[in-house]
1. crowded, with 16+ Cβ neighbours inside 10 Å, farther than 18 Å from Y84 by Cβ, assigned by TED's automatic domain parsing to the domain that holds V80 and modelled with pLDDT of 90 or more, is that true of I49?
2. Can you give me the ranges of the helices (runs of 4 or more DSSP H) entirely in the range 1-85 with at least 3 residues that are within 21 Å of I96 (Cα to Cα) and basic (K, R)?
3. Q73 versus (1) of a type in the set (S, T, N, Q); (2) under 18 Å from H46 (Cα atoms); (3) at pLDDT below 85: which is the lone unmet condition?
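The values are calculated or read from the model by the stated rules, or taken from the named source; none is laboratory data. Here the structure is a predicted model, which means the values were calculated and not measured. All Cβ positions, even for glycine, are placed from backbone atoms using ideal geometry, and neighbour counts span all protein chains on display.
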Amino acid sequence: MKHRLDRVKEVIKRELSEIIPREIAFKAALVTVQHVDITPDLKQCHVFISAIGTEGEKKAALTALENHRTLLQHSLSKRVVLKYTPQLHFKLDTAIERGTRVIEILDKIGLLDETLQPPPDAKKNEE
C-alpha cells in the first residue's frame, strides 16, 4: 500500500506542476511544486510550493492558489483517475530558505570548508 501512495504522490506532483503555470498567471513570483503529501485515504492532499519573490509576492501566490483550488482540483480529476479527487491544501515550503541560512551560518563560522573536504584518513585508504 505504501508504494501506491508514493506513486500517487508523484503523479499528483507531476500533473500539478503542469496545470498550475497553465491555469494561473502569477504577477511576479515564480511558483514551483516542491512536495506533495497525501493522506492514506487519498482524500486530502497537502501541496508544498516554493515561490521566488518578495514576501508579499509569495503570500499573493499562495492566495491565488487557494482561490483557484476548485479549478485545479477539477483539472487534476480529468488528468488523474482516482476514486476520490483529493482536496488540495497549499502550503509554502521554506526548506530552500532554511538550507541557505544553514549554509550561510556554516560559512560564517568557518565549518563549511572543513565539511566539504575529505578527511585526512580518506587519502591514506585510497593509496
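1. Details: crowded, with 16+ Cβ neighbours inside 10 Å: yes; farther than 18 Å from Y84 by Cβ: yes; assigned by TED's automatic domain parsing to the domain that holds V80: yes; modelled with pLDDT of 90 or more: yes.
When the stated conditions are applied, I49 passes them.
2. Numbers: elements: 2-23, 55-67, 69-79.
Helices (runs of 4 or more DSSP H) meeting the threshold: 2-23.
3. (3) is the only condition that Q73 fails.
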